[in-house]
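Just so it is clear, none of the values below were taken in a lab; they were calculated from the coordinates. What you are looking at is a predicted structure, and each value in this text was computed from that prediction instead of being measured. Note that we place each Cβ from the backbone using ideal geometry, even for glycine, and neighbour counts take in every protein chain shown.
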Amino acid sequence: MTGDIVLAAKFVGAGLAMIGALGAGIGIGLSVQGALQGMARNPDTYGTLLTNMILGIAFSEAIAIYCLVIAFLMLFVL
Amino acid sequence: MEARKSRKWRWGVNRWFVLLFIVLGIIGANLYPPVQPHIQVAAEALTERPLFSSPVLGDVYLTNTMLAMVVVDVILLLVVLAVQKAVRTGSLVPQGISGAVEALFEVLYNLTESSAGAKWAKTIFPYFSIIMLTVLVANLTKLMPGYETIGLLHLSEHGYPVKELFPGIFTLVKGEAQHGEGYNLIGFLRGLSTDLNFTVALALFSVFMTQLIGVRAQGVRYFTKFINVTTLFSKPGFGAIDLAVGLLELISEFAKILSFSFRLFGNMFAGLVLLVLVGSLIPVFFQSTVLLFEFFIGLIQAFVFGMLTMVFMAQATQGHGGNEHH
């Protein structure tokens, strides 16, 4: 019985940890929006904007990855 | 445009290969349905006995990611030898693999020069390129067939029954094993970036070399970025704020190690979990699209790791709020 509760708590905790991915999604959307607007207004800057956009996406994505790591820790390690 | 119009689009012979592989996949998935493997965050040990024991490190086992590291090193060394051979011949026009390496390095060097300046590009470029190449090869070899799927069987609580394919070669089959007779698989090789040790080591290397390059560029003044007492006595109010900001910089230096290592590890481990779960749920064809996605993620992460190292090193060479650089 207690084992089942612990198992259920693991899954609930992993699900709750992934709420943090919300912020990363918003962040990635905002940075892509800004980069695309810049590209549309000034197509010459396409190359540099793309590089910086990917860097920015990697930064915001890292937040979601932290959540994912916590979720994995709950599922597979604890 | 004219050339494209005059030639009719033809599928060629490749479609038959794709069809053949899909049919083979369906047959294989029906004969031996894939099982959902046991997923473990830490790298699995291949041997029962530890390689060596030390009071500081504890027991050190031979893990499957160590073997993957050997594979990555061998591939990098082969590339080095091929390029060296091409350079020795003395021809100015690079061909084959050395041409590809030259094109890649030229792009990377231009990138370094545009953000670090011509003066420091020569110092920063080796770190940038070697980190990026290592992570790139590690991420791409992770996708090779045989990784995590060929290995040793061992007894386990949540195991599966086994079936003998050829003499001495077994496969896991779906179903409930009798208690104490279930087996699980430990692959000989597992993607190098899915081991936290590798990513932490790379992150430590990158951050430490960043400090070293900062000291080389600015001397002792580099450390005023962290413990800023230059304005504390002339302007006490702003000086205190500068001191607090410097302490935050010090913390962010440690956060860099964390974010470097967990970004790469998280991405690659998520890829591994996604691949095995999708493989056990939909064993036909869908895994190939996931592999394509993983290929893309691997490229991006290698680029991001190298690029961030380069950007941080370039920042370290320039003084904060610098007087002579602006």
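What is the packing order of peptides B:94-103, A:38-47, B:252-261, taking the mean over residues of other C-beta atoms within 10 Å and listing the highest first?
The densest-packed peptide leads the list: B:252-261, B:94-103, A:38-47.
With a cut-off of 8 Å between alpha carbons and a minimum separation of six or more residues, what is the relative contact order of chain B in percent?
23 percent.
What is the Cα convex hull volume of the range B:1-153 when expressed per residue in Å³?
So the per-residue Cα hull volume is 271 Å³.
Expected output is a single nm value to one decimal: the length gained when fully extending between B:Lys119 and B:Phe293, i.e. 0.36 nm times separation in residues minus the C-alpha distance. What is it?
58.8 nm
Can you compute the modelled spin-label distance between B:Val162 and B:Leu31, with each label point 7 Å from Cα toward Cβ, in nm?
Spacing of the two 7 Å Cα→Cβ label points: 2.0 nm.
With charges set only on the Cβ (+1 for Lys and Arg, -1 for Asp and Glu), what does the dipole of the range B:10-119 come to about its Cα centre, in debye to the nearest 20?
So the magnitude is around 440 debye.
Which value in Å does the Kirkwood hydrodynamic radius of the range A:18-78 take, with 1/r averaged over all unlike C-alpha pairs and then inverted?
12.7 Å
With θ taken as phi - 60° and the coefficients 6.51, -1.76 and 1.60, list the Karplus ³J(HN,Hα) couplings across the range B:151-165 in order, rounded to whole Hz; mark glycine and proline as x.
Residue by residue, the range B:151-165 yields x, 9, 8, 9, 5, 8, 5, 9, x, 10, x, 10, 9, 8, 7 Hz.
Equivalent ellipsoid semi-axes for chain B, as square roots of 5 times the alpha carbon gyration tensor eigenvalues: give them largest first, rounded to whole Å.
Working through the eigenvalues yields semi-axes of 45, 30, 19 Å.
With the dipole of chain B worked out from charges on the C-beta (+1 for Lys and Arg, -1 for Asp and Glu) around the Cα centre, which of B:Pro50, B:Phe238, B:Pro34 lies farthest toward the positive end?
The residue sitting most towards the positive pole is B:Phe238.
Can you give the FRET efficiency for B:His38 and B:Ala100, using 1/(1 + (r/R0)^6), R0 = 30 Å, r = Cβ-Cβ distance, to the nearest 0.05?
0.15
Which order do the peptides B:122-134, A:14-26 come out in when sorted by mean C-beta neighbours inside 10 angstrom, highest first?
The densest-packed peptide leads the list: B:122-134, A:14-26.
Using C-alpha positions alone, give me the convex hull volume of the range B:93-237 per residue in cubic angstrom.
So the per-residue Cα hull volume is 230 Å³.
Among B:Lys174, B:Lys163, B:Lys225, determine the one that fluctuates most according to a GNM of chain B built with springs between C-alpha atoms less than 10 Å apart.
In the Gaussian network model the winner is B:Lys163.
Pick from B:Gly175, B:Gly306, B:Gly151: which residue has the top mean-square fluctuation in a GNM of chain B where Cα pairs under 10 Å get a spring?
Of B:Gly175, B:Gly306, B:Gly151, the most mobile in the Gaussian network model is B:Gly175.
Explain nothing, just the number: relative contact order of the range B:1-108, from Cα pairs under 8 Å at least 6 residues apart, as a whole percent.
For the range B:1-108, the relative contact order is 12 percent.
Specify which residue in the list B:Gly298, B:Asn228, B:Val70 is farthest towards the positive end of the charge dipole of chain B, using unit charges on the beta carbon of Lys, Arg (+1) and Asp, Glu (-1), about the Cα centre.
Result: B:Gly298, furthest along the dipole toward the positive end.
If you place +1 on the Cβ of every Lys and Arg and -1 on the Cβ of every Asp and Glu, how big does the dipole about the Cα centre of the protein assembly as shown come out, in debye to the nearest 20?
Computed charge dipole of the protein assembly as shown: roughly 1220 debye.
Which FRET efficiency, nearest 0.05, do B:Lys174 and B:Gln211 yield, Cβ-Cβ r, R0 45 Å?
0.25
For the range B:48-104, I need the span (max minus min coordinate) of the C-alpha atoms along each principal axis, in Å, sorted largest to smallest.
Cα spread of the range B:48-104 along its principal axes, largest to smallest: 54, 17, 17 Å.
Filter B:Lys122/B:Lys225; B:Lys142/B:Lys225; A:Lys10/B:Lys225; B:Lys142/B:Lys256 down to the pairs with a C-alpha to C-alpha distance above 32 Å, please.
In this structure, B:Lys142/B:Lys225; A:Lys10/B:Lys225 lie more than 32 Å apart at Cα.
Averaged across the residues of B:259-267, what count of C-beta atoms belonging to other chains lies within 10 Å of each residue's C-beta?
For peptide B:259-267, the averaged partner shielding equals 5.
List, largest first, the extents of the alpha carbons of the protein assembly as shown along their principal axes, each in whole Å.
Per principal axis, max minus min of the Cα coordinates gives 79, 71, 47 Å.
Roughly what would the spin-label model give for B:Ala255 and A:Thr48, points 7 Å off Cα along C-beta, in nm?
With each label placed 7 Å out from Cα toward Cβ, I get 2.7 nm.
Among B:Tyr183, B:Ile131, B:Ala82, which residue has its Cα positioned farthest towards the positive end of the charge dipole of chain B, with +1 placed on the Cβ of Lys and Arg, -1 on the Cβ of Asp and Glu, and the dipole taken about the Cα centre?
B:Ala82
Quantify how strongly other chains surround peptide B:300-309 by giving the mean number of their Cβ atoms within 10 Å of each of its Cβ atoms.
Going residue by residue through B:300-309 and averaging, the value is 3.
Quick one: 3J(HN,Hα) in Hz for the range B:139-148, Karplus 6.51/-1.76/1.60 with θ = phi - 60°, rounded, Gly and Pro as x.
Running phi through 6.51 cos²θ - 1.76 cosθ + 1.60 with θ = phi - 60° gives 6, 7, 5, 4, 8, 5, x, x, 5, 6 Hz.
In whole angstrom, how long is each semi-axis of the equivalent ellipsoid of the range B:215-326, when you take the square root of 5 times every eigenvalue of its Cα gyration tensor and sort them from largest down?
45, 15, 9
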